[in-house]
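The values are calculated or read from the model by the stated rules, or taken from the named source; none is laboratory data. Being a predicted model, the structure only gives us computed values, none of them experimental. Because the Cβ atoms are built from the backbone with ideal geometry, glycine has one as well, and the counts that use them run over all protein chains shown. Quick note on the areas: whole protein, heavy atoms, side chains included, nothing else; ligands and nucleic acids left out. Shrake-Rupley method; radii C 1.70, N 1.55, O 1.52, S 1.80 Å.
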Amino acid sequence: MIRVAVVDDEALVRRGLTVLLRLEPGLDVVGEAEDGAAAIALVRREHPDVVLMDIRMPGTDGLAATRALMADPETAATRVIILTTFDLDEYVFGGIRAGASGFLPKDTAPEELLTAIRVVADGDSLLAPKATRRLIEEFVRQSPVPQPARPAGLDLLTDREIEVLRAVARGHSNAEIADELVITYATAKSHVSSLLSKLQVRDRAQLVMLAYEHGIVTPARE
């Protein structure tokens, strides 16, 4: 059973999502929240597997709530899916940087939403690598990305791991990385797992973000 929390400042949206999810076998809605502060309290109390998080809310918004949840060891295991009315904006970029597992437009079809919840609950990034790359490149072109502190793990990467990180940042799947670097699929998958561990990030979306933030790759010229 996948435990889900629904966060949105519009009661109609919350109730609609809750009804949809409760009709789906294998999903259980453990609570609703109308803003970020209530969402944080709900997650700390119920420990859901996935949170559907509206990004723009009065008071504590979804971005601040996501950042707080990911920074707290007691709630960091919860996966956050950002719900937004925009495909590309600074809130989505900030949400991924804060640790969200991906984003969905609010007009997403119900079956796609249900699939997304299962994907994220299973530990995968909701954003495909190529979509993540496009999102980040577009934002970097519009506004320089403030560079955070350099992760200590970057200095521990082997030359091969750097190659794999660049390939991930270009949106390549494990199979594509294996073909490009002439290694087995299992080896490519092992290198990606090692990158996640050494760099202490949650998923491939976070690897793409880190690669751009620290100049491992740069946006392609149009």
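Brief remarks follow.
- Filtered by the rule that a residue be open to solvent by less than 30 Å² (accessible area, probe 1.4 Å) and modelled with pLDDT under 85, the stretch 104-122 gives a lone residue, LEU104.
- So VAL192, is it modelled with pLDDT of 85 or more and of a type in the set (Val, Ile, Thr): yes
- Considering residues of the stretch 150-196 that are in contact with a helix residue (DSSP H, G or I) (Cβ under 7 Å, 6 or more places away or on another chain) and outside any helix (DSSP H, G or I) only, the residue least open to solvent (accessible area, probe 1.4 Å): GLY171
- The set of residues in the stretch 190-214 that are more than 15 Å from GLY123 (Cα to Cα) and either among the basic types (Lys, Arg) or without any contact (Cβ under 8 Å) to a residue 40 or more places away in the chain (or both) comprises SER190, HIS191, SER194, LEU195, LYS198.
- Scanning the stretch 13-22 for residues that are open to solvent by 30 Å² or more (accessible area, probe 1.4 Å), among the aliphatic types (A, V, I, L, M) and either in contact with a helix residue (DSSP H, G or I) (Cβ under 9 Å, 6 or more places away or on another chain) or at pLDDT 95 or above (or both) yields VAL19, LEU20.
- Search result, residues across the stretch 44-77 that are under 12 Å from ALA5 (Cβ atoms), open to solvent by 40 Å² or more (accessible area, probe 1.4 Å) and not in a loop (DSSP other than H, G, I, E, B): ARG44, ARG45, GLU46
- Of the residues screened, VAL80 is not one that is modelled with pLDDT under 75, of a type in the set (A, V, I, L, M) and either outside any helix (DSSP H, G or I) or at negative phi (or both).
- Residues located in the stretch 1-33, provided they are of a type in the set (Lys, Arg) and more than 23 Å from the chain's Cα centre (by Cα): ARG15, ARG22
- Tabulated pairs, the stretch 50-70, first over 13 Å from GLY94 (Cβ atoms) and in contact (Cβ under 8 Å) with a residue 60 or more places away in the chain, second aliphatic (A, V, I, L, M) and not in a strand (DSSP E or B), C-beta under 7 angstrom, 6+ apart or interchain: VAL50/ILE117; VAL50/VAL120; VAL50/ALA121; LEU52/LEU17
- None of ALA37, ALA33, ALA41 is at pLDDT 95 or above and buried (at least 19 other Cβ atoms within 10 Å of the Cβ) except ALA33.
- Here ARG3 clears all of (1) modelled with pLDDT of 95 or more; (2) touching a Leu at 6+ places or on another chain (Cβ under 9 Å); (3) open to solvent by 60 Å² or more (accessible area, probe 1.4 Å); (4) part of a helix (DSSP H, G or I) except the condition numbered (4).
- Of all residues in the stretch 140-167, those that are farther than 16 Å from LEU207 by Cβ and hydroxyl-bearing (Ser, Thr, Tyr) have Cβ atoms under 8 Å from Cβ atoms of residues that are open to solvent by 80 Å² or more (accessible area, probe 1.4 Å) and modelled with pLDDT under 85, 6 or more apart or on another chain, in SER143/GLU90.
- Scan of the stretch 198-216 for residues that are open to solvent by 20 Å² or more (accessible area, probe 1.4 Å) and of a type outside the set (S, T, N, Q), ordered by number: LYS198, VAL201, ARG202, ARG204, TYR212, GLU213, HIS214, GLY215, ILE216
- LEU165 being at pLDDT 80 or above and not basic (Lys, Arg): yes
- Evaluating SER101 against the criteria (1) modelled with pLDDT under 75; (2) within 15 Å of the chain's Cα centre (by Cα) leaves one unmet condition, (1).
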